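**Student:** Pasting a structure here, questions to come.
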Amino acid sequence: MTAKGAQVNLLSPEGGLFSGGFGQTFEADDMAGNRATVDEADVARFEALGEDWWAEHGSMRPLHRLNPVRIAYIRDHICQHFPEGDTVRPRDAKRPNPLAGLSLLDIGCGGGILAEPLARLGADVTGIDPAPGNIQIAQAHADETGTSLTYRAVTAEDLLAEGARFDIVTAMEVVEHVTDVNAFVKTCAGLVKPNGLLFMATLNRTLKSFALAIVGAEYVLRWVPKGTHQWEKFITPQELEDAMAAGGVDLFDTAGVVYNPLRNKWSQSRDLDVNYMCVGRRV
Ligand SMILES: C[S@@+](CC[C@H](N)C(=O)[O-])C[C@H]1O[C@@H](n2cnc3c(N)ncnc32)[C@H](O)[C@@H]1O
């Protein structure tokens, strides 16, 4: 694993040449690795975003707008779960670096929209993505903002095989893009240390999500490019809970996230019909 704040790690002992989507050729470590849950065409669409990952009004706008809600959710649950130093008191979420001393893996980090702010909350963050082009964008942005974290172009499956384990694992807006949800969630669960936390966020498979997340967001409002999501790949909260349980993770909270068009704002809600997030504890 690279040192904190070091260069993008795209090189493995095996090492293979990868021609990135930005006119650069660089070494990638996982091209021959385990990409069993990677939908290559879907990941290629994300990789083609390039600089658009960080354009607040570009095609990743929904993720930028969602960020404050999901960061608060993740931060507050971590602060409740992991006590302050040697005490039994919860951490103070409002103090600087509330996540200090905790290792956090962000799976499917894309351009780093979530990983970077979590690193700024003090966690020792590793962001991974199967698309080397995404990792390149994420690292360039972290360099620009002076944020210290580690990025690697590897799959979760490869990291699990390396024996890496983390206090906290996040996979936000990723499960609806993989080829095998159960296998992917089990891998994510395996990367969490005992008593650690696994956070996931995704889209529920309901008629309302078809109307809002596919028809509304892709065809009417054009928030995201057409074809970003396939409704059949959306996952119900029960399916996600069952998949986590199969990996030894006990889901203990689920929260909806809803959009208020009048305030142009996302907020946490009890409504799980479309977007939702959840957290479980590795037993
Ligand atoms: C909608 S984006 C979410 C990015 C980031 N998690 C966020 O919320 O800001 C989905 C990301 O998942 C990644 N991805 C897709 N399949 C994956 C897999 N099997 N394992 C890990 N990452 C995957 C894609 O490359 C892409 O960066």
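Rule-based calculations on the coordinates, nothing more; no lab input. These numbers come from a predicted model, not from an experiment. FYI the Cβ positions are ideal-geometry reconstructions off the backbone, even for glycines, and counts take in every protein chain you see.
**Student:** Under the rule of -39500 (n - 2.57) per DSSP H run of 4 or more residues, summed and divided by the residues of the chain, what mean residue ellipticity at 222 nm is obtained, to the nearest 500 deg cm²/dmol?
**Tutor:** Details: 7 runs with 76 residues, N = 283.
Calculated mean residue ellipticity at 222 nm is -8000 deg cm²/dmol.
**Student:** I've got another one for you. Ordered by residue, what ³J(HN,Hα) values in Hz, to whole numbers, does segment 249-259 give under the Karplus form 6.51 cos²θ - 1.76 cosθ + 1.60, where θ = phi - 60° and Gly and Pro are x?
**Tutor:** 3J(HN,Hα) across segment 249-259, in whole Hz: 10, 9, 5, 10, 8, 9, 9, x, 10, 10, 9.
**Student:** Right, next: If you wrap segment 16-282's Cα atoms in a convex hull and average its projection over all directions, what's the area in nm²? Walk me through the numbers before you get to the answer.
**Tutor:** Working: hull surface 55.3 nm².
The directionally averaged projection comes out at 13.8 nm².
**Student:** Quick one: grab Rg to one decimal and Dmax as a whole number for segment 142-283, Cα atoms only, in Å.
**Tutor:** Considering segment 142-283 through its Cα atoms, Rg and Dmax are 16.2, 48 Å.
**Student:** Let me ask something else. Taking neighbour counts of Cβ atoms within 10 Å as a proxy for exposure, in what order, fewest first, do CYS79, CYS188 appear? Mind dumping the intermediate values first?
**Tutor:** Details: CYS79 19, CYS188 29.
So the residues, fewest neighbours to most, are CYS79, CYS188.
**Student:** While we're looking at this one, here's another question. At what distance in nm do the modelled label points of GLU40 and ASP52 sit from each other, each positioned 7 Å from its Cα along Cα→Cβ?
**Tutor:** 2.2
**Student:** Which lysines have a Cα less than 29 Å from the Cα of LYS233, not counting those fewer than 8 places away in the same chain?
**Tutor:** Answer for LYS233, where 29 Å is the Cα cut-off: LYS186, LYS193, LYS208, LYS265, listed by chain and number.
**Student:** For HIS64 and VAL88, compute 0.36 nm times the residue count separating them, minus their Cα-Cα distance, and round to one decimal in nm.
**Tutor:** Values: separation 24, 0.36 × 24 = 8.64 nm, distance 3.42 nm.
That works out to 5.2 nm of additional length.
**Student:** Once label points are set 7 Å from the Cα along Cα→Cβ at both ASP250 and THR236, what is their separation, rounded to one decimal in nm?
**Tutor:** 2.4
**Student:** Restricting to Cα pairs below 8 Å that are 6+ residues apart, what does the relative contact order work out to for the chain? Please round to a whole percent. Walk me through the numbers on the way to the answer.
**Tutor:** Numbers: 570 pairs, mean separation 49.5, N = 283.
It rounds to 17 percent for the chain.
**Student:** If each residue of separation counts as 0.36 nm, what is the full-extension length gain between VAL215 and ASP271 once their alpha-carbon separation is subtracted?
**Tutor:** Working it through step by step, the gained length comes to 18.2 nm.
**Student:** Taking only C-alpha pairs under 8 Å that are 6+ residues apart, what is the relative contact order of segment 168-281 in percent?
**Tutor:** Relative contact order comes out at 31 percent.
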